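The values are calculated or read from the model by the stated rules, or taken from the named source; none is laboratory data. From a predicted model like this one, the values you see are computed outputs, not experimental measurements. Here the Cβ is made from the backbone with ideal geometry for all residues, glycine too, and neighbour counts use every protein chain on show.
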């Protein structure tokens with residue numbers, strides 16, 4: 001097996017293990033930190049997929065900004081730990097939810113297995129160039145790009161309005 | 001293993017050791033310069049001219065007792081300083097500091113001075129620095145002390161705010177160089193305008209340089225922006241509860257971050273290893289000299305300027321530096337397009 | 001050689017973990033984190049698809065997803081803070097009335 005196969009399984013395993021722990025963790029602080037580990041593993045996978053620019057962006061945006069925001073809120077609210085007794089016991093809807101999630105996983109895996117192996121056919125074009133990404137982003141996707149800026153503005157105003165103390 | 005792999009491993013070790021030593025040298029310089037500015041002697045007892053003082057400090061720290069507050073989170077309390085130090089060291093990995101050299105004919109094939117040459121080096125530095133925040137935030141939270149928490153909150157708010165201006169200042173350079181690779185940015189600064197003025201980015205990008213240095217000082221939490229550890233208000237900020245080697249790691253991280261920011265500024269704005277008089281293979285001497293000047297500037301500023309107030313810092317970052325960086329970026333973009 | 005299928009399976013597993021989190025957990029912050037996991041699973045699919053089709057479009061869509069995720073996190077966390085201020089709890093079951 002080649003190096004990239006090992007790396008794929010290693011990073012995939014880290015991503016899955018960290019994500020499982022995020023969900024299975026009762027301390028929100030640890031959840032946030034484990035999610036960062038998961039994002040790092042995904043960034044590694046992006047490098048394997050010949051998208052180094054995206055990998056770094058993933059770390060800067062998710063690791064450096066979004067998760068810091070989460071950490072901030074967890075720290076500031078001094079979030080209480082979830083009540084352990086009520087986690088896995090309890091309501092029927094929750095058991096139903098677990099069953100649905102497992103069903104979804106099985107269904108997805110089954111559907112994907114039926115696809116048949118789509119391997120690499122010959123040499124793939126190099127799609128890692130920042131220049132290329134920039135060109136496509138600002139030509140083919142210019143409307144989406146501008147629309148995103150409006151979205152961010154809305155989010156900015158919305159966040160401030162909601163987090164403000166009512167007078 | 002062939003010779004170039006061994007050469008690279010040796011290079012990595014040398015860079016690591018030099019970073020450690022540079023932190024020690026910075027501590028010494030800081031104390032000496034501070035003393036000179038305040039008309040005292042500074043350290044002079046340990047070793048000739050007090051040169052061994054940093055090593056005495058390290059030994060002292062090593063033999064101190066490691067204390068941990070009872071209500072702290074044991075795991076995160078231990079991880080936080082390691083994260084800080086690791087991020088500080090890792091950022092330097094993509095900083096090149098010299099042209100190809102055979103080290104006076106020692107090696108058969110020339111090697112490039114720099115641990116790793118990544119084609120998105122600038123973004124990697126950015127990413128690794130933003131990981132450094134976690135060390136500080138976790139230290140503040142896990143200590144379970146109000147001073148630590150306040151220090152951590154301040155520092156992360158400050159670092160996130162100034163990262164924007166930092167990034168925009170770098171973006172202007174990226175546009176001029178047309179590359180995210182630090183080595184290519186440096187190589188674009190070789191030569192002279194009109195045979196006299198070196199083609200360093202600092203001349204066309206003087207505003208960018210100013211923004212970069214301000215944001216760099218804020219990112220590294222140094223005076224006059226040293227709120228996270230404002231002694232008079234917060235005891236020692238996020239590392240109030242730390243002692244012994246874990247404190248030493250924060251200390252180390254702070255100084256190495258300074259070295260990294262200076263090294264990156266040298267590469268981005270001051271032409272890296274390009275300079276008159278010396279051949280390119282000795283260019284790393286120029287690099288060291290320029291980085292040293294910037295580091296001296298850091299120390300000089302700390303002992304000259306008083307600390308800002310926290311709201312002043314935020315206002316400066318968001319209302320002055322960020323708009324300035326945006327304007328700088330737009331003007332640079334216009335000029336780059338105009339000149340083709 | 002890692003096939004496209006392997007990436008899709010990995011992505012499916014991550015997505016299911018995220019879904020399970022949304023169903024299982026009774027803490028709004030963890031719910032938001034689970035949504036981030038799901039978004040990232042989708043991102044992985046996009047990048048892998050872009051890679052195996054040989055276009056950059058997959059990567060560009062991921063940029064948009066990241067932007068939306070950032071906006072979602074900002075607004076979501078603002079709501080969390082507002083809710084916590086009123087109820088002193090993060091259990092979504094406690095928020096049953098539309099007004100208070």
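For this structure, a couple of remarks:
- The residues of the range A:8-31 that are facing chain C (nearest Cβ under 9 Å), more than 11 Å from residue C:10 (Cβ to Cβ) and assigned to a helix (DSSP H, G or I), listed by number, are A:20, A:22, A:23, A:24, A:28, A:31.
- Yes/no for residue C:11 being crowded, with 20+ Cβ neighbours inside 10 Å, more than 7 Å from chain A (Cβ to nearest Cβ) and assigned to a helix (DSSP H, G or I): yes
- Residue A:44 in a helix (DSSP H, G or I), at pLDDT 85 or above and within 9 Å of chain C (Cβ to nearest Cβ): no
- Taking the criterion of being without any contact (Cβ under 8 Å) to a residue 40 or more places away in the chain, more than 10 Å from chain A (Cβ to nearest Cβ) and within 19 Å of residue B:19 (Cα to Cα), the only residue of the range B:112-146 that qualifies is B:116.
- A single entry from C:23, C:4, C:52 fulfils the requirement of being facing another protein chain (nearest Cβ under 7 Å), over 22 Å from residue A:55 (Cβ atoms) and surrounded by fewer than 24 Cβ atoms within 10 Å (Cβ to Cβ): C:23.
- Any pair with Cβ under 8 angstrom, 6 or more apart, that starts in the range B:60-82 at a residue that is over 14 Å from residue B:249 (Cα atoms) and ends at one that is surrounded by fewer than 12 Cβ atoms within 10 Å (Cβ to Cβ): B:68/B:74
- Selection count, the range A:42-62, where residues are surrounded by fewer than 21 Cβ atoms within 10 Å (Cβ to Cβ), in contact (Cβ under 8 Å) with a residue 12 or more places away in the chain and under 15 Å from the mean Cα position of the chain (by Cα): 1
- Candidates C:47, C:42, filtered to the one that is part of a helix (DSSP H, G or I), more than 7 Å from chain A (Cβ to nearest Cβ), within 27 Å of residue A:136 (Cα to Cα) and at pLDDT 80 or above: C:42
- Selected residue [more than 7 Å from chain A (Cβ to nearest Cβ), modelled with pLDDT under 85 and in a helix (DSSP H, G or I)] from C:98, C:31, C:83: C:83
- Residue in the range A:79-96 that is more than 7 Å from chain C (Cβ to nearest Cβ), in a helix (DSSP H, G or I) and at pLDDT 80 or above present: no
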